[in-house]
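Below is one structure, written out as structure tokens; the observations come after it.
Please treat every number below as a calculation from the coordinates, not as lab data. The model shown is predicted, which means the values in this text are computed figures rather than measured ones. Reconstructed Cβ throughout: ideal geometry from the backbone, glycine too, with neighbour counts over all protein chains shown.
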Amino acid sequence: MTSLPDNFGNGFSSFFPRYLSDARGSLGMLNLPKPLSDFVTMMGVKPDAVFNHVVSILHSPAYRSENLGALRMDWPRVPIPGDSDRLTHSSILGDALSLLLNPETPTPGVSTSVLRPGLRVLGLPVKRGGAALEAADLALTAGWGSTQNAGGGNIVA
């Protein structure tokens, strides 16, 4: 997955590419207006950090509730902090969120390496009453997908 959609799967997805292709078809031109690119560069922040910042802001519950009308019209205004530390911190959060939103990207601490401590308790399967599962509890014993003869015709059950 090389692009990051919003509302993916509902038929109304919007995509915002980080890079645009140049006349030769290679991706190399950052998809930012020059004044914005110049502004963040002047702050000492790489211009592509703006994209990660946008991801973090658009997924913020406070931003969504305060800008519901603009989001419904598909033209949200994303504030750019004038402080380089805030923009950098927001960009770091957006980068982490981008990894989590992309099912094709391995995410350290989530799908690779040691599981992050805060995620260890999420989705732990247990038996009723809280007892731990055993290997037999996870065995697939249901009979499905087999061909059966039902009065002269084959069916799949």
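Packing-based ranking of 94-101, 60-67, 83-90 yields 94-101, 83-90, 60-67, ordered from highest to lowest mean Cβ neighbour count within 10 Å. For L30, nonlocal amide neighbours, meaning residues 5 or more places apart or on other chains whose placed amide H falls under 5 Å from its own, are L20. The string of couplings for the range 17-31 from the Karplus curve (6.51, -1.76, 1.60, θ = phi - 60°) is x, 6, 10, 10, 7, 8, 4, 8, x, 8, 7, x, 9, 5, 7 Hz, one whole number per residue in order, with x for Gly and Pro. Note down the net charge around S91, summing +1 for each Lys or Arg and -1 for each Asp or Glu among other residues with Cβ under 10 Å from its Cβ. Net of charged neighbours comes to 0. Spin-label pair L36-R72: with each label point 7 Å from Cα along the Cα-Cβ axis, the two points sit 2.4 nm from one another.
Grab the Cα-Cα distance for D85 and S21, subtract it from 0.36 nm times how many residues apart they are, and report the gain in nm with one decimal. Before the final figure, lay out each step's value.
Details: separation 64, 0.36 × 64 = 23.04 nm, distance 3.04 nm.
Extra length from D85 to S21 when fully extended: 20.0 nm.
Each residue of the range 94-109 was assigned a 3J(HN,Hα) from its phi angle through the Karplus expression (A = 6.51, B = -1.76, C = 1.60, θ = phi - 60°), giving x, 5, 5, 5, 4, 5, 5, 7, 9, x, 8, 10, x, 10, x, x Hz with x at Gly and Pro.
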